[in-house]
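Throughout, read-outs are computed from the coordinates displayed, never taken from laboratory work. Just so we're clear, the structure is a prediction, and the values are computed from it rather than from any experiment. Glycine also receives a Cβ, built like all others from the backbone with ideal geometry; neighbour counts cover every protein chain displayed.
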Amino acid sequence: MPRSSDREAIGELPNPLGMAGIEFVEYATSRPQALGQVLETMGFRPVARHRSREVLLYRQGDMNVVINAHESSRPSAVQPTETPAIAALGLRVRDAAAAYRRALDRGAWAVPVQVEVMELHIPAVHGVGATRIYFVDRTDAFSIWDVDFVPIPTVERQPPAIAGLHWFGIVQYIGTDRMDDWCEFYRELFGFDALPDDQRFGILPKGRILKSPCNTFHLQLIEPEPGTEASFEQAGEESLQRLGLGTADVPAAVAALRARGMAFVEADDVQSERRGALTVPQLGGVMFELVHDGRR
């Protein structure tokens, strides 16, 4: 029988949501200038301001990072605090409305989105903790950034990426014995696949690696180390912890970022090398992981 809706047709594809990578990552913080300085050290540049809220867009290459200092009226949202926290992930999709409906059909929880004047409605579902996962299909000539944001004058809107840096993945901390639950969540709702245990990236090969259905980025799920469950509970709920940036030349990226003032962890068990590197925590825990990626 012919399909009666795009929803049915999209669900049969290996990439069920029509995902095409990460459009943006959003941090919530009450110290936007401090986090902005960290991002600039990492090579990002402020390129636009939100029309009505205390929100800034930073960019390098094809990576967008949003700093949100606007307090949300919704108690379930990640509220800005002094310690920056990853509050949202925006996924590029072929059709945002169809992807949203499909996710809801598979069990996702909808996020009511408050839209102000001159703002787009971007559909979202609940992610880990209080985070949100947005579906974005306006990424080309007239994107969401052209509607909701105003360019900062005299600033280059497409600053080049240092050493070809690009999105590689996101690390998520999960609770004890929650690995299977989260793997099923990302597989069923979004089409992620778990990689074999012997397929690892970077210098922190912990947990389980999930590959996006568009094969452009990864999720790394990490449980507490045995005997550290108490400290994990004291640190907070499950959360998106840090960003992974890919590059074909990790040593060159480390050298370029060090020249800009970024420090890297150099310890017995974690050292910068060809496979990867880890920046020193800043502002209470903001870290970036560099990962060798020869695909580009």
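Out of residues 5 or more away from residue 132 or on other chains, whose amide H comes under 5 Å of its own, with H placed 1.01 Å from N in the peptide plane?
88, 89, 127
Provide, for q = 0.14 Å⁻¹, the log10 of I(q)/I(0) from a solvent-free Debye sum over equal Cα point scatterers in the stretch 162-292.
-0.66
I need the peptides 95-104, 185-194 ranked by packing, meaning the mean over residues of other C-beta atoms within 10 angstrom, with the highest value on top.
For the peptides 95-104, 185-194, the packing ranking is 95-104, 185-194.
On the principal axes of its Cα set, how long, how wide and how thick is the stretch 6-151? Give whole Å, largest value first.
Each principal axis gives a Cα extent; for the stretch 6-151 these are 46, 34, 30 Å.
Each residue of the stretch 49-58 in turn: what ³J(HN,Hα) in whole Hz from Karplus with 6.51, -1.76, 1.60 and θ = phi - 60°, glycine and Pro shown as x?
Computed from phi, the couplings for the stretch 49-58 are 10, 5, 5, 10, 10, 7, 9, 10, 9, 10 Hz.
How large is ³J(HN,Hα) for each residue in the stretch 84-93, as worked out from phi by the Karplus curve 6.51 cos²θ - 1.76 cosθ + 1.60 (θ = phi - 60°), to whole Hz, x for Gly and Pro?
Running phi through 6.51 cos²θ - 1.76 cosθ + 1.60 with θ = phi - 60° gives x, 9, 5, 9, 7, 10, x, 9, 6, 9 Hz.
Which far-off residues, 5 or more places away or on another chain, put their amide H under 5 Å from the one on residue 262, with H placed in the peptide plane?
none
Running a GNM on the chain with Cα contacts under 10 Å, which residue among 156, 273, 238 ends up with the highest mean-square fluctuation?
Highest fluctuation of the listed residues: 156.
Go ahead and estimate [θ] at 222 nm for the chain from helices alone: -39,500 (n - 2.57) per DSSP H run with n ≥ 4, summed, over the residue count, rounded to 500.
Helices in the chain give a 222 nm mean residue ellipticity of -5500 deg cm²/dmol.
If you restrict to DSSP beta bridges whose two residues both lie in the stretch 6-151, what percentage is antiparallel, to the nearest 5?
75 percent
When only C-alpha pairs under 8 Å and at least 6 residues apart count, what is the relative contact order of the stretch 162-292, in percent?
31 percent
In what sequence do 26, 289, 54 fall when counting other Cβ within 10 Å, fewest first?
In order of increasing Cβ crowding within 10 Å: 54, 26, 289.
Take every DSSP beta bridge with both residues inside the chain and express the antiparallel ones as a percent of the total, to the nearest 5.
In the chain, DSSP labels about 70 percent of beta bridges as antiparallel.
In the chain, with Lys and Arg counted as +1 and Asp and Glu as -1 at Cβ, which of these residues, 130, 147, 209, has the Cα nearest the positive end of the dipole, that is, farthest along it?
In the chain, that residue is 147.
Using each residue's phi in the stretch 251-263, evaluate 6.51 cos²θ - 1.76 cosθ + 1.60 at θ = phi - 60° and report the 3J(HN,Hα) Karplus result to the nearest Hz, with x for Gly and Pro.
Karplus-based 3J(HN,Hα) across the stretch 251-263 equals x, 5, 5, 4, 4, 5, 6, 4, 5, 8, x, 7, 9 Hz.
Please list, ordered by chain and number, the residues whose modelled amide H lies under 5 Å from the amide H of residue 276; skip anything fewer than 5 residues away on the same chain.
292
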